[in-house]
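**Student:** Dropping a structure here in structure tokens format, bear with me for questions.
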Amino acid sequence: MFNRYIALGDSASIDLYPALDAGEIDIAVALERRTSAGQVASIGAASLLYQNSEAHWPDFGGEDLVTLSPGIELQNLAQDGATIGDVFGEQLPMVEEGDDPVLVTLTIGGNDLLSAFSNRPRRTLLERIEHDIEEAYDFLVETLRGRFPQGTYVLTTVYDPSDRSGKIPGVFEDAGPLPLEVLDRLNAHIRRLASGTPRAVLADVYAHFLGHGVTAEEADRWYWRRSLIEPNALGASEVRRVWLDALRAAGALDE
């Protein structure tokens, strides 16, 4: 059982885009894209893992942390557009370290890759940047282990809305196909890190989401129709599903 759940990372964990997709958001938030501007439905991946929305997902009744770890507290610090540097600079300073049984989910790396590609670097430079991202990811996980020695860390692979096409409408369309080999290497690195790190759990969202991006009919997509790099309401639930399945497979919900 866990007594705290800390969600770190980027928009794959937040409520904003799933709530926009579901139309359950104050108009001020919709206009300003700031969750502090009004009410936002708690239907992002981290919120659903913490406490399921019975109105939206009745099949997940009782499949949440408030049921499986009674008394657990949520601290969702994930931010729209966050990079690894943002986790270090803005999110971790808000977390109280300790040796209590903490659950941490981490969704990070996608914005680091997009930021690197936005400048269209030469391939050799892009490979060095990718290596730096991997090193930063490693250091982040080691920092988490130092702050929460009894924690469980869910490392989440980065999804591919292009479904292996390298093309996402509205994302660097004039720059040619996205360099998927760089994404592949980062995800392979995350998988190796999860398998070799004590108390780490792999949540392979990349594999689970393939086929639900640009190649799918809109009703079968797990990405928000207005920005295909963000999860829609169903996508958020599917991220939550992968987390639950990974934690169960690791026996982390039976402790």
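**Student:** If you go through the range 115-133 one residue at a time, how many are crowded, with 18+ Cβ neighbours inside 10 Å and among the acidic types (D, E)?
**Tutor:** Selection size over the range 115-133: 1.
**Student:** Which numbered condition in (1) among the β-branched types (V, I, T); (2) modelled with pLDDT of 90 or more; (3) part of a helix (DSSP H, G or I); (4) in contact with a Ser or Thr (Cβ under 7 Å, 6 or more places away or on another chain) is the only one that T105 fails?
**Tutor:** So T105 meets the others, but not (3).
**Student:** So which of D112, D86, D100 ends up being open to solvent by 30 Å² or more (accessible area, probe 1.4 Å) and assigned to a helix (DSSP H, G or I)?
**Tutor:** After applying the criteria, what remains is D86.
**Student:** Go through (1) exposed (fewer than 14 other Cβ atoms within 10 Å of the Cβ); (2) polar (S, T, N, Q); (3) not in a helix (DSSP H, G or I) one by one and return the number of the condition S165 breaks.
**Tutor:** Unmet for S165, out of (1) exposed (fewer than 14 other Cβ atoms within 10 Å of the Cβ); (2) polar (S, T, N, Q); (3) not in a helix (DSSP H, G or I): (1).
**Student:** I'm trying to understand the selection: among the residues of the range 218-255, which are part of a loop (DSSP other than H, G, I, E, B), over 25 Å from F2 (Cβ atoms) and of a type in the set (D, E, K, R)?
**Tutor:** R221, R225, R226, E230 - these are the residues of the range 218-255 that are part of a loop (DSSP other than H, G, I, E, B), over 25 Å from F2 (Cβ atoms) and of a type in the set (D, E, K, R).
**Student:** Sticking with this structure for a sec: Just checking, which of S11, S42, S53, S47 is among the small types (G, A, S), at pLDDT 95 or above, touching a Ser or Thr at 6+ places or on another chain (Cβ under 9 Å) and open to solvent by 30 Å² or more (accessible area, probe 1.4 Å)?
**Tutor:** Criteria check complete, one pass: S42.
The values are calculated or read from the model by the stated rules, or taken from the named source; none is laboratory data. As the structure is a prediction and not an experimental result, all values here were calculated from the model. All Cβ positions, even for glycine, are placed from backbone atoms using ideal geometry, and neighbour counts span all protein chains on display. Side chains are part of the model used for accessible areas, which takes the heavy atoms of the whole protein and leaves out ligands, DNA and RNA. Shrake-Rupley method; radii C 1.70, N 1.55, O 1.52, S 1.80 Å.
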